[in-house]
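To start, the structure itself, in structure tokens.
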Amino acid sequence: MKKTIFSLTHALSSQQHKHLGGMAWELPVLAPEIISDNKSYMHLCSNCRCDTRGERFCPGVGQVSVTDEIKREIIHQLSIRPMAHSELVKALPEDENKETGMEQVIETIASFKKPGLTGRGLYELKPECAKEFNLFYHHYSRAEQSKAEEAQRKLKRLNEEDTALPPPVLPPFCPLFASLINILQSDVMLSIMGTVLQWAVEPNGYSWSEAMLQRDLVKAPTHPPAYWLYWRRCRTPLIWRSTRT
């Protein structure tokens, strides 16, 4: 992680990404390997920020129970597609007793569809649980994330709803970890955020990706006073100008 931060800091402070005259960024043509490296560093830091803020469904870190943690695992597996009992069990993490805890909660978040032509029954996520879906769930691989995103957008279209996938409401941190939210106010993180936003509005901003922008826009705190402190810190020239472009 230290190597990643060092490399990213070097990329942002190098002559390739200089802020000129306080108004615009000069983005010269870069070698493909440099573009690829910059994207990789940005993705790593974006994932780190999202996980630090959002992955608090662990007893002792967030104000949740073991049952809440199991429910969240099941919700995100069934957000990809309906699953048979055996598939779902294999996809869930086990505790020290080699048990998933699935049987305790499955009926509250999923409906069982009786066997059809496939010869096996499938669990389907209940509609009211779809609001708990988090596109940046940390256990997803890239392939699983793409499948889940496609499935959830398709479901919203069928229901004639807005296809946006906003992050779910998060439980509060436990007191010991409450200060973690302050990482979003650090100069380094705000600099990274401003860089991504600036790249996104530049005509030749080839170093950014939609995933980077999505992560930047979903990581803000949602409860006062952290919310107001965060947005006050965001009123730096670079970030404020980018958000108004």
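For every residue, the table says whether it meets (1) over 21 Å from P127 (Cα atoms); (2) assigned to a loop (DSSP other than H, G, I, E, B); (3) not assigned by TED's automatic domain parsing to the domain that holds K126.
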position	(1), (2), (3)
A148	no, no, no
Q152	no, no, no
P168	no, yes, yes
M189	yes, no, yes
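Here Y140 fulfils each of the conditions (1) crowded, with 16+ Cβ neighbours inside 10 Å; (2) hydroxyl-bearing (S, T, Y); (3) over 22 Å from the mean Cα position of the chain (by Cα) apart from (3). If the condition is being surrounded by 17 or more Cβ atoms within 10 Å (Cβ to Cβ) and of a type in the set (A, V, I, L, M, F, W, C), then segment 152-172 contributes L165, L170.
Just checking, does segment 132-140 include any residue being farther than 19 Å from G54 by Cβ, not in a loop (DSSP other than H, G, I, E, B) and not assigned by TED's automatic domain parsing to the domain that holds M212? So that I can check it myself, show each step before the final result.
Restricting attention to segment 132-140, the residues satisfying the condition of being farther than 19 Å from G54 by Cβ are none.
Checked segment 132-140: no residue is farther than 19 Å from G54 by Cβ, not in a loop (DSSP other than H, G, I, E, B) and not assigned by TED's automatic domain parsing to the domain that holds M212.
For N182, the conditions (1) assigned to a loop (DSSP other than H, G, I, E, B); (2) in contact (Cβ under 8 Å) with a residue 40 or more places away in the chain all hold with the exception of (1). A91 - would you say it is surrounded by 11 or more Cβ atoms within 10 Å (Cβ to Cβ) and closer than 19 Å to D51 by Cβ? Answer is no for this residue.
Residues that are of a type in the set (D, E, K, R), in a loop (DSSP other than H, G, I, E, B) and modelled with pLDDT of 90 or more are absent from segment 98-108.
When segment 185-200 is filtered for residues that are surrounded by 15 or more Cβ atoms within 10 Å (Cβ to Cβ) and either touching a residue at least 60 places away in the same chain (Cβ under 8 Å) or hydrophobic (A, V, I, L, M, F, W, C) (or both), the ones remaining, listed by number, are M189, L190, S191, I192, M193, T195, V196, L197, Q198, W199, A200. Against the condition surrounded by 14 or more Cβ atoms within 10 Å (Cβ to Cβ) and charged (D, E, K, R), how does K114 come out, does it pass? It is false that K114 is surrounded by 14 or more Cβ atoms within 10 Å (Cβ to Cβ) and charged (D, E, K, R).
Across segment 102-131, the number of residues qualifying as hydroxyl-bearing (S, T, Y) and touching a strand residue (DSSP E or B) at 6+ places or on another chain (Cβ under 7 Å) comes to 2. Of everything listed in (1) in contact with a helix residue (DSSP H, G or I) (Cβ under 9 Å, 6 or more places away or on another chain); (2) among the hydrophobic types (A, V, I, L, M, F, W, C); (3) part of a helix (DSSP H, G or I), the single unmet condition for F112 is (3). Residue count for segment 163-179, restricted to those that are free of Cβ contacts under 8 Å to residues at least 24 places away in the same chain, farther than 12 Å from G62 by Cβ and of a type in the set (A, V, I, L, M): 1. Residues being modelled with pLDDT under 70 and within 22 Å of N134 (Cα to Cα) are entirely absent from segment 164-174.
The values are calculated or read from the model by the stated rules, or taken from the named source; none is laboratory data. Small disclaimer: the values here were computed from a predicted structure and weren't measured. When we count neighbours, we look across all protein chains shown, and the Cβ atoms used for this are built from the backbone with ideal geometry, even at glycine.
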